[in-house]
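The values are calculated or read from the model by the stated rules, or taken from the named source; none is laboratory data. The model shown is predicted, which means the values in this text are computed figures rather than measured ones. Because the Cβ atoms are built from the backbone with ideal geometry, glycine has one as well, and the counts that use them run over all protein chains shown. For accessibility, only protein heavy atoms count, side chains too; no ligands or nucleic acids. Shrake-Rupley method; radii C 1.70, N 1.55, O 1.52, S 1.80 Å.
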Amino acid sequence: NICKVMEPELVDRETLKNNLLTIQKAIDNGKKVAFIFNGYSRDKKLIPIRHHKDIVSPYYIVANSGKYYLLACKEITINDEVIKKMSIWRIDLMSEILTMKRAKEDIIFYPKEKYKIYLYNGMINFN
């Protein structure tokens, strides 16, 4: 038997809408985005999980099970080497989103027409 559990609605719909619009404009204009990534406190309020903003190159917005996710490229520095990694971010957990300028060499492009994107258990698969 499968039982569906109703989760309480914690998302501010207006903030989510504004986040989606800001991110989509950044994608359309080839811009990076900077944002605070949050988690929920015990009293179900959004609180930052880091003391700095994350900066990513956004590529796609994906809807899955009623939640919106951003697929983006994040640069990570390990032992003075810059590594570009694809990452997944829940858009309803973002705040203070700003668009930034992006250099053309940052762009890694996966054409939507050629690939299907599967979001499963935190993994991105391009088939």
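What to note about this one:
- Residue match in region 99-117 (condition: modelled with pLDDT of 90 or more, on the phi < 0 side of the Ramachandran plot and part of a strand (DSSP E or B)): yes
- Index of the failed condition, Lys32 passing every other in (1) closer than 17 Å to Leu93 by Cα; (2) among the basic types (Lys, Arg); (3) touching a helix residue (DSSP H, G or I) at 6+ places or on another chain (Cβ under 8 Å): (1)
- Subset tally (residues that are open to solvent by less than 30 Å² (accessible area, probe 1.4 Å) and in contact with a Lys or Arg (Cβ under 6 Å, 6 or more places away or on another chain)) for region 51-97: 4
- Hey, Ser87 among the hydroxyl-bearing types (Ser, Thr, Tyr), assigned to a strand (DSSP E or B) and either modelled with pLDDT of 90 or more or within 11 Å of Lys32 (Cα to Cα) (or both) or not: no
- On the stretch given as region 27-50, residues that are assigned to a strand (DSSP E or B) and open to solvent by less than 50 Å² (accessible area, probe 1.4 Å) total 8.
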